[in-house]
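S.K.: The structure is given below, and queries will be raised subsequently.
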Amino acid sequence: MARYVNAVVADAVRWVGSSGGPLIAIPEAVLPFWAGADGDETSSDHDRACGVDGHLGLLPVGDSRALVLGPEGAPTAYLPEHGTFVRRYAAGRETELLVDVPAALDAAVWGPETRWRVPGPVVLFDAARPGGAFRDTDHVRVELDPGRYGVRAASVSTGPETWLGLVRVRPLTD
């Protein structure tokens, strides 16, 4: 586990970027059903992801749903100890940004909660890429247990030139 208070373990946090469109977290079980920017001329999976309004949205993929992280391709990392995707909209050094995450989580004004059911681990990658080719591109595998999750998003400024997007994923108990 990476520690952020005094130092960041080198390479402990992997950032995923995109070619300009949204990032998407897709359950591994349905990755082959995501065509990315490939598809028919009028509407591709990537087009559907680009059509999501706001900081997050869900799209059907196979017999599951994928989590779309907003319309922009901001570099994004998943911090499992916080259960949060951190999006770097504007920031200086990565180490300083990561130190600010706990305070950003406390200061966040969260948007409405979206319910997301996952069958297991998900993969975060560029929505323009086909799911079957995610290993050939930047990606992060996120270990989620099968079940229902509540997902909320927020944008937070932690300094005069630092803006973060936060997407918190928390297990729901019924």
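Read-outs: derived from the displayed coordinates by stated rules, not from any lab. Quick caveat: nothing in here was measured; it's all calculated off a predicted structure. Backbone-built Cβ (ideal geometry, glycine too); neighbour counts: all protein chains shown.
S.K.: Work through the residues other than residue 33 whose Cβ is under 14 Å from its Cβ and net out their charges, Lys, Arg +1 and Asp, Glu -1.
M.R.: Summing Lys and Arg as +1 and Asp and Glu as -1 gives -1.
S.K.: Which FRET efficiency value, to the nearest 0.05, is calculated for residue 107 and residue 72 with the Förster distance at 25 angstrom and r the Cβ-Cβ distance?
M.R.: Approximately 0.75, to the nearest 0.05.
S.K.: How far apart, in nm, are two points set 7 Å out from the Cα along the Cα-to-Cβ line at residue 14 and at residue 137?
M.R.: 1.5
S.K.: Using DSSP to define loop residues, name the GluC sites (Glu not before Pro) in the stretch 92-174 whose beta-carbon has at most 12 other beta-carbon atoms within 10 Å.
M.R.: Taking the stretch 92-174 and a limit of 12 other Cβ atoms within 10 Å, the loop GluC sites (Glu not before Pro) found are 143, 161.
S.K.: Excluding residue 132 itself, what net charge comes from residues whose Cβ is under 13 Å from its Cβ, given Lys and Arg +1 and Asp and Glu -1?
M.R.: Taking every Cβ under 13 Å from that of residue 132, the sum is -2.
S.K.: Right, next: For the stretch 68-169, which trypsin sites (Lys or Arg not before Pro) are in a loop by DSSP, counting at most 15 other Cβ atoms within 10 Å?
M.R.: Those satisfying the criteria are 93.
S.K.: Which entry in (i) 10, 40, 36, 13, 1, 0; (ii) 10, 24, 14, 11, 12, 12, 10, 6, 1; (iii) 10, 37, 33, 16, 4, 0 matches P(r) over Cα pairs in 10 Å bins from 0, in percent derived from the coordinates of this structure?
M.R.: Here the calculated entry is (i).
S.K.: Right, something else. Put +1 on the Cβ of every Lys and Arg and -1 on every Asp and Glu Cβ in the chain; which of 82, 98, 155 then has its Cα farthest towards the positive end of the dipole?
M.R.: Value: 82.
S.K.: What's the FRET efficiency of residue 58 with residue 81 using the Cβ-Cβ distance as r and R₀ = 25 Å, to the nearest 0.05?
M.R.: 0.55
S.K.: Let me ask something else. Taking the Cα centre of the chain as the origin, how large is its charge dipole in debye, to the nearest 20, when only Lys and Arg (+1) and Asp and Glu (-1) carry charge on their Cβ atoms?
M.R.: 420
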